[in-house]
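*Asks:* I have a structure here, written as structure tokens, and I will follow up with some questions on it.
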4 protein chains.
Amino acid sequence: MSRERRNRAHDAGKWRTALTCIEPNKILVRGYPVDEIMGRLTFGEAIYTLLMGELPSPGIGSLMEAILVSFIDHGVTPPSTLAARNTATTGAPLRACVAAGILGFGRHHGGDIEQCMQFLDQGLELVRKGTSYRDAAIDIVARAEDAGEPIPGFGHRFHTRDPRAARLFQMALELEMEGAHIQMIRAVELVMAGRPDGQALPVNIDGAIAAVCGDIGIPPEIANALFIISRVPGIAAQAQEERGREHPMRQIDPKDHVYDGAGQRRLPDKRR
Amino acid sequence: MSRERRNRAHDAGKWRTALTCIEPNKILVRGYPVDEIMGRLTFGEAIYTLLMGELPSPGIGSLMEAILVSFIDHGVTPPSTLAARNTATTGAPLRACVAAGILGFGRHHGGDIEQCMQFLDQGLELVRKGTSYRDAAIDIVARAEDAGEPIPGFGHRFHTRDPRAARLFQMALELEMEGAHIQMIRAVELVMAGRPDGQALPVNIDGAIAAVCGDIGIPPEIANALFIISRVPGIAAQAQEERGREHPMRQIDPKDHVYDGAGQRRLPDKRR
Amino acid sequence: MSRERRNRAHDAGKWRTALTCIEPNKILVRGYPVDEIMGRLTFGEAIYTLLMGELPSPGIGSLMEAILVSFIDHGVTPPSTLAARNTATTGAPLRACVAAGILGFGRHHGGDIEQCMQFLDQGLELVRKGTSYRDAAIDIVARAEDAGEPIPGFGHRFHTRDPRAARLFQMALELEMEGAHIQMIRAVELVMAGRPDGQALPVNIDGAIAAVCGDIGIPPEIANALFIISRVPGIAAQAQEERGREHPMRQIDPKDHVYDGAGQRRLPDKRR
Amino acid sequence: MSRERRNRAHDAGKWRTALTCIEPNKILVRGYPVDEIMGRLTFGEAIYTLLMGELPSPGIGSLMEAILVSFIDHGVTPPSTLAARNTATTGAPLRACVAAGILGFGRHHGGDIEQCMQFLDQGLELVRKGTSYRDAAIDIVARAEDAGEPIPGFGHRFHTRDPRAARLFQMALELEMEGAHIQMIRAVELVMAGRPDGQALPVNIDGAIAAVCGDIGIPPEIANALFIISRVPGIAAQAQEERGREHPMRQIDPKDHVYDGAGQRRLPDKRR
């Protein structure tokens, strides 16, 4: 019996993992030695490789970094951030604060990317059957409204025009990565813009990420993982600031804060 | 009263944040518009900027990415990963699995970076008072051993030579970023190597990161935040694999698994 | 303006809570001074009072204690318990272990009470419209099977006859607290028992609790809260045992354990 | 070889648990069939039995229930409660809200029982060596103050006289369960009362529980488990109220609330 066949027999009945192979003094992430990718892949590229199994193309790599950066922080008022800060004020360790923050990505907060991907896919199924993008958009918007549900990926409790969405779409255009999902969300945007005053809602960053992820082949559950990963630095930074800057056991009123950090500035020329 | 003074009066008594300024249609992270840094900073650079307040230099940026990549995944057996997989097998949402995983960064698992930074700082305080690196290393190792404590940043339950530590030190050398902390840990390494057979312990990745963070000015609590951030993609990927590949409510024996992913491979030439 | 009206004006726009009133040196839980109920209500009665707003009747109080006791521990193999033990082995504090354990109450583990209550309510709606219990049971079982879903509240991965379910039904009978929900689940049980060999599934404890909660007027979301509350002592005890009895950072194989505690025993006569 | 010896050989190398024995259709908690204790032990008695291994005596059982009831809820302002409410407002499931709340039992919030038990034990060690309670109290208070630490178990951010502490001490007296720990904390209380105006701090509920647990033989880590268990119903009730009564994604100002529940009332005569 060959060594390979013996190994296979020995492995029968074991459970399987395809992510990372650990041997003494060797760590292979998706086949790549981790010490080889250190310094050669960025964190964003390594995240993509781990989740998707292959290295990203340069264009996908750029979109990946932009998606991850887009959620890096959203100030002190999101409930997930407040859960983390309220945990921090008790003197809990940072990991407990971050865990509490992550738990606040519920139905109303952060779940929109997956839902918007499914929403766009409903429209694209109609398109594949011969419906025009415009008619497909009208159809799926009507379906959502008949069900009394908000249109996922549209509107924001704070911004009337989400600057992150515009930037992500512009990058996809420049990198020539636009596909059917972006076309579909653009069609939905036109339908939304044609609604009576006060009901027009612009695409938000969740919608933009949903469309871009759809076009670069990232499935909804991986998009959801990206969302969680991208929100952790902001939650950790907010909890850290709470621990370092405020006295313990304070009562945190989210509306009662003021920003006293760096004024608006631009990246140095060489980074633009 | 000038508008500025009125604002200041109005802000008296409010609590303060220096991380992110949110205004309608504007998000400034440490002063930089988030839509400007999208596509221009990598995720790793943006994380550094958010946590430290300023853009990283190119050398620090490279070390930053390498540190974040070094922890990206360590296979299925770490207890934090198993907590996440056991949560995933119940059908819990991904965010709950990730939160459960993060909670497993306890005293014995992931706390070594902060402890090693304090350990090295003890030695460097002696150096500043005139002790040689060698004598300082002997002193702090003896102190830890007298207290019955392991030397933080040394040894690994799996690897006899941690390939990630070697790579990180090599990068610091090539980037000319070596400083007193690396010199200190090198001195400790020599002391450890001189111990009787079977007690020699090599520097691990926690030790390497502690030394590098010390030399590039990252304080222990930020290094701890980096550790948590860097472990999230691996935990999310493991939980995702559990959800996608295994049947719910299974009994997970960590020793009973086999790797069936990509074979060992190298980055394409242009990435090396 | 009367003092009361002034107070009401002052309170306009505030958010409201009806659970507990805190004043200096006074704590009223649902109106009862906490120092008055200490030693006069059991923990189970106090939990009911807090969640439902009124004291339980003696019969409801007894069922309440029995429901809470029924879930007190289920050994080392439930995934939620393993998440807590894997967290404990890292040296994490008890609260982190308990939090990790609670997160493992997912779709496949612990969600059955709420689902079974909704399932029984579907049947009772038919009964209210004139259908017999038997026909209503046939109808809702068929509906679940057509949807490819398991019957909530029936079957157990371990027990063929759940001793807790039998005991709870017996108590409801003795206390004369049986109502329409128990009648409904009995009808479903008969339908299930009539299925071909190997498909007959008995009522489990989730089903029994769902029926009893329905009959004593506890809504599904409160039943869900009771489930979480009742599981916490077991998770805490298991995490505590892991911390106290095992060495840190071990690999926990759930199948590889043996029970070495007290042998089977009975309550002393005066407690029976 | 006897069956018992075979079993023992077979069990060698397995890990051990003494809490709960699970066999098909049988669940023994500390040896007691769970269906036998349902309806015969209260939840509080079952918790004690699970954690301590034996049934409580009637006196200990009463103190146990009182301890568990004492923490049942403390209104909307504790940071742990606010973490749970902020998680609830995102639409997260109840278990995620409860987990977030539990994580907020940090150094400054809920850790006092364990610390106070250690504090009292320091004093009792002096007493065992011949020091009087009074001198021991003076000594340990001075030690804590020299270290710049607050006296654990004394003072409250809200109450000047904690009604729960008074009630628990009264119960211990009536049940004739007072021992050395209560004597010790009484001595500390006298020392604290003798301090200059404005520094006198009364015993709080943490201190009372610490002393009572010490006297009835509950070790600090079990007292900590009791604390977590006792806080869960309040956190669950608060999260539930947030989900049921408020609109999602609101900004929660803890100071901006008003109580609109039941007015102060007494238990019916037969319960007093």
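The values are calculated or read from the model by the stated rules, or taken from the named source; none is laboratory data. In this text, all values refer to a predicted model and were calculated from it rather than measured experimentally. Cβ: placed from backbone, ideal geometry, glycine included. Neighbour counts: every protein chain shown. Areas reflect the complete protein model, heavy atoms only, side chains present, ligands, DNA and RNA absent. Shrake-Rupley method; radii C 1.70, N 1.55, O 1.52, S 1.80 Å.
*Asks:* Using a 1.4 Å probe on protein heavy atoms, which residues of region A:70-94 have at least 40 Å² less accessible area in the complex than alone?
*Replies:* Listed in order, they are A:ILE72, A:ASP73, A:PRO79, A:ASN86, A:THR90, A:GLY91, A:LEU94.
*Asks:* Right, next: Return the carbon/sulfur percentage of the accessible area of chain C, one whole number, probe 1.4 Å, all protein chains in place.
*Replies:* Answer for chain C: carbon and sulfur cover 48 percent of the accessible area.
*Asks:* Shifting gears a bit: Using a Gaussian network model of chain C whose springs link C-alpha atoms within less than 10 Å, name the residue from C:GLY91, C:GLY39, C:GLY153 with the highest mean-square fluctuation.
*Replies:* Between C:GLY91, C:GLY39, C:GLY153, it is C:GLY39 that shows the largest mean-square fluctuation.
*Asks:* Below 15 angstrom from the Cβ of D:GLU149, what's the summed charge of the other residues (Lys, Arg +1; Asp, Glu -1)?
*Replies:* -4
*Asks:* Determine the percent antiparallel among the DSSP beta bridges restricted to chain C, to the nearest 5.
*Replies:* 90 percent
*Asks:* On the full set of protein chains, 1.4 Å probe, figure out the accessible area of C:ASP269 and give it in Å² to the nearest 10.
*Replies:* 120 Å²
*Asks:* Among DSSP beta bridges lying fully in the protein assembly as shown, give the percent that are antiparallel, nearest 5.
*Replies:* Close to 65 percent.
*Asks:* Residues of region A:249-272 losing 50 Å² or more of accessible area relative to the isolated chain, 1.4 Å probe, heavy atoms only?
*Replies:* A:MET249, A:GLN251, A:ASP253, A:LYS255, A:ASP256, A:VAL258, A:TYR259, A:GLN264, A:ARG265, A:LEU267, A:ARG271
*Asks:* State in Å² the accessible area per residue of region D:133-256; use a 1.4 Å probe, count heavy atoms of protein chains only, and round to the nearest integer.
*Replies:* 41 Å²
*Asks:* Oh, and also: Computed on protein heavy atoms with a 1.4 Å probe, what is the summed buried accessible area for the chain pair B and A, in Å² to the nearest 100?
*Replies:* Between B and A, the summed buried area is about 10000 Å².
*Asks:* Now for a different question. Each label point is 7 Å from the Cα along the Cα-to-Cβ direction; what then is the distance between the points at B:ALA262 and A:GLU125, in nm?
*Replies:* Rounded to a tenth, the inter-label distance reads 3.2 nm.
*Asks:* Another question about this same structure. May I ask for the distance between the Cα centers of region A:200-272 and region C:60-138, given as a whole number of Å?
*Replies:* Region A:200-272 and region C:60-138 have Cα centres spaced 35 Å from each other.
*Asks:* Too long at a 27 Å Cα-Cα cut-off: which of C:LYS26/D:LYS255; A:LYS14/D:LYS26; A:LYS14/B:LYS270?
*Replies:* A:LYS14/D:LYS26; A:LYS14/B:LYS270
*Asks:* Summing +1 for each Lys or Arg and -1 for each Asp or Glu, what net charge is found among the other residues whose Cβ lies under 9 Å from the Cβ of A:PHE169?
*Replies:* +1
*Asks:* For C:ASP162, D:ASP215, what's the largest-to-smallest order of accessible area, 1.4 Å probe?
*Replies:* D:ASP215, C:ASP162
*Asks:* A further question follows. Dipole magnitude of the protein assembly as shown about its Cα centre, charges +1 at Lys/Arg Cβ and -1 at Asp/Glu Cβ only, in debye to the nearest 20?
*Replies:* 20 debye
*Asks:* A further question on this structure: Heavy-atom accessible area of D:GLU246 with all protein chains present, probe 1.4 Å, nearest 10 Å²?
*Replies:* It works out to around 40 Å².
*Asks:* Follow-up question, since we're still on this one. Which order do you get for B:LYS129, A:LYS26 if you rank them by accessible area with a 1.4 Å probe, largest at the top?
*Replies:* Output order, biggest surface exposure first: B:LYS129, A:LYS26.
*Asks:* Now for a separate question. With +1 assigned to the C-beta of every Lys and Arg and -1 to the C-beta of every Asp and Glu, and no other charges, what is the dipole magnitude of chain B about the Cα centre in debye, to the nearest 20?
*Replies:* Charge dipole of chain B: 820 debye, to the nearest 20.
*Asks:* Next question, about the same structure. Using the basic label-point model (7 angstrom from Cα toward the beta carbon), what is the C:GLU149 to A:ASP269 distance in nanometres?
*Replies:* Between C:GLU149 and A:ASP269, the label points sit 6.4 nm apart.
*Asks:* Ordering C:LEU190, C:LEU126 by accessible area with a probe of 1.4 Å, largest first, what comes out?
*Replies:* Largest to smallest exposure gives the sequence C:LEU190, C:LEU126.
*Asks:* Moving to a separate point now. What does the accessible area of A:HIS181 come to, in Å² to the nearest 10, when a probe of 1.4 Å is used?
*Replies:* 30 Å²
*Asks:* Divide by every residue of chain A the summed helix terms, -39500 (n - 2.57) for each DSSP H run of at least 4, and state the resulting mean residue ellipticity at 222 nm, rounded to the nearest 500 deg cm²/dmol.
*Replies:* -17500 deg cm²/dmol
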